[in-house]
Amino acid sequence: MLFWKHRPSLAVCLIGVEMLVLGVAAVFPLRSKAPETACAPTMASVQDKPQRAQPVSTDGLSGVASWYGEHWQGRETASGARFNWRQLTAAHRTLPLNTPVRVTNQQNGRSVIVLINDRGPYIDGRVIDLSLAAAKHLGMVKQGLAPVCIQLVERAQDSIDPIG
């Protein structure tokens, strides 16, 4: 307290700086890794076409999806397959490789089944990297990013390979 009695202008200055920092933090919050949260299917995600693959559960993960394309063409993925931006594939950090998942764009309700064959994305705040073909199905190529819901799907005995 004694310090502030002798330097009141410094105290006012420090209080002003603190208020400025708090104001900037309120407008521009620090970015943290967006957690994957549970999401429920919406009516917009119901498609007219019958699907052979059925969701394992109604709960899924949600977050931001991005896509990667021609630049990675032909490179080896974590599963050992060569990346083909024309196939319906995706990269996820933790889901088992060769797992089919339904990805639903929460902005427009479009969905697509992709096969997890790579690891990533390596940018904070994103939960899945889709091939260009999958991004086209979801209508997110131009934007580059989209909020999505990810659901595990179980392959039926007679199902068609989702990347075929």
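Summary table
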quantity	calculated
Selection count, the range 119-132, where residues are within 18 Å of G144 (Cβ to Cβ) and in a loop (DSSP other than H, G, I, E, B)	6
Qualifying strands (runs of 3 or more DSSP E) (wholly inside the range 1-118; at least 2 residues being at pLDDT 70 or above)	60-68, 89-91, 99-105, 111-118
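The values are calculated or read from the model by the stated rules, or taken from the named source; none is laboratory data. The structure presented is a predicted model; accordingly, all values stated were derived computationally and were not measured. Backbone-built Cβ (ideal geometry, glycine too); neighbour counts: all protein chains shown.
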